[in-house]
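All remarks here apply to the structure that follows.
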Amino acid sequence: MKAIFIVFHALAEYSGITKKIRYQVKALNDCGVETELCYLGWDEFGNQVRWVGDKVQKNFGTGIKAKIEKRFEYNSLYQYIIDNNISLVYMRSLINAEPFIISFAKKLRKKGVKVVMEIPTFPYDHEGKELPLPNKIRFYINKLFRYSQAKNLDAIITFSDYDRIFNQRTIKISNGVDFDSLPLKKTYRKTPEVLEFLVVAELHYWHGVDRAISGIDKYIKSEPIQRIHLNIVGKPERASGYALKTQVESLDLGEFVSFLGPLSGEELDEVFEKADFGIGSLARHRSNITKIKTLKNREYAARGLGFVYSEIDEDFEDMPYIIKAPADETPLDFSKIIDFYHDTNLEPKEIRKSIEPNLSWKNQMQKVIFTIFAEDK
């Protein structure tokens, strides 16, 4: 069996999303499905291209024409799929329901190819509010065509608990973990002189890092005994990232909060090794999401960190190493978290063991394969 995993954007190796995509492709291959990754990017000459694996599938050239063509040219990709006897097309939504993709999916299904689309976050309409105008226009176009797009799929992959999205059936999975790529923390400090907290995020407003910063300010003013420090890993270029830096400066918290920028590989491993406790999403309520299964919660657990979050994540609600924050705008209660840390056994190997093997990407992607192809047996 062959599959192609289609991404409608370029990849960035420091990005958690890119890592997730590569882990999913690896998991499909581990499940016995020969899978290629298809994505947009550039070649060595600066041409905009569509890659399949390490080969250029389509060269769009340069300039405005190339920027436009890469958004609607799917005939060559359709032919590639048919010529290579690919039986599963797995697309990752970029909030890009549009006639060209709908036609592409419709033609594939007429040839007997299974077509599914992953919607990474649902509902997602509120996520567009901090985006620039061109992206807001894309959200509007998506609203016009998303029901038609869903009709021309075999299923929608979701990390939510919705049985149907846009009148299409869903396959419900969890975000997974590639355990081979995430080293387990070697050390666990029961009584650290400085308790090191860690945020790893894209720094959108729904991550609620501002609540953590406000919580640090409140905690420091209480003149506590336990010293604390927060490392923030992520790309702070968007408006919400700038706002966080401004918040730290205005509260004079530079001694207690460090912005490390985007990290990957050994640099990220080193930051995790020094961390004592993770901070997950604290403001999903801002985008009208109650239940979600985030990547960061799973990475914290796989690396052996306890953590705090505010949404409902059914894979972790009863775990002894997590603490819940209220889903509101109050500052994060660091006094409560610190008491929890000192009173709870947070041995890294025990935390990791709690999610093996159920939350492996192989286990999750197997659910997709089984559901899509079981009906043909």
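Every read-out reported here was derived from the displayed coordinates using simple, explicitly stated rules and does not represent laboratory data. This is a predicted model, so every value here is computed, not measured. Cβ coordinates were reconstructed from backbone atoms using ideal geometry, including for glycine residues, and neighbour counts include every protein chain displayed.
Compute the relative contact order of the stretch 198-343 as a whole-number percentage, counting only Cα pairs closer than 8 Å that sit 6 or more residues apart in sequence.
So the answer I get is 29 percent.
Under 28 Å between alpha carbons, and skipping anything fewer than 8 positions from K221 in its own chain: which lysines qualify? Within reach: K190, K245, K274, K324, K336.
Whole-Hz Karplus values for the stretch 40-52 come out as 8, x, 9, 9, 5, 9, x, 6, 7, 9, 10, 8, 10 Hz, taken residue by residue from phi with 6.51 cos²θ - 1.76 cosθ + 1.60 and θ = phi - 60°; glycine and proline positions read x. With axes computed from alpha carbons, what is the tilt in degrees of helix 239-250 against the longest principal axis of the chain, rounded to the nearest 10 within 0 to 90? With both axes taken from Cα atoms, the answer is about 10 degrees. For q values of 0.11 Å⁻¹, compute log₁₀ I(q)/I(0) with the Debye formula on a Cα-only model of the stretch 180-353, without solvent. Result of the Debye calculation: -0.41. Annotation: amide H of K291 within the under-5 Å range of I312, sequence separation 5 or more or interchain, hydrogens built in the peptide plane. When the square roots of the Cα gyration tensor eigenvalues are ordered a ≥ b ≥ c, the ratio a/c for the stretch 7-121 is under 1.5, which makes its shape rounded.
Take each peptide in 22-28, 257-263, count the other Cβ atoms within 10 Å of every residue, and average; sorted highest first, the result is 22-28, 257-263.
Taking a straight line from the alpha carbon of K143, these aspartates and glutamates sit under 19 Å away, with near neighbours fewer than eight places off in the same chain left out: E98, E118, D125, E127, E130. Checking the Cα-Cα distances for K129/K296; K55/K172; K107/K293 against a 27 Å cut-off, the pairs over it are K55/K172; K107/K293. Taking GluC sites (Glu not before Pro) across the stretch 158-243, the ones in a DSSP loop with at most 13 further Cβ atoms lying within 10 angstrom of their Cβ are E193, E237.
Summing Cβ point charges (Lys, Arg +1; Asp, Glu -1) relative to the Cα centre of the chain gives a dipole of roughly 1800 debye.
Of the cross-linked pairs K2/K106; K2/K111; K20/K353; K67/K151; K70/K136, those separated by over 25 Å at the C-alpha level are K67/K151.
Taking the helices alone, the chain has a mean residue ellipticity at 222 nm of -11000 deg cm²/dmol, built from -39,500 (n - 2.57) per DSSP H run of at least 4 residues and averaged over all its residues.
Across the chain, the relative contact order, built from alpha-carbon pairs under 8 Å that are at least six residues apart, equals 16 percent.
Using Cα pairs under 8 angstrom and six or more residues apart, how large is the relative contact order of the stretch 136-232, in percent?
Normalised by residue count, the contact order of the stretch 136-232 is 21 percent.
Under a model in which nothing but the beta-carbon of Lys, Arg (+1) and Asp, Glu (-1) is charged, the stretch 213-311 shows a dipole of about 620 debye around its Cα centre. A Cα-only calculation for the chain places Rg and Dmax at 21.7, 68 Å.
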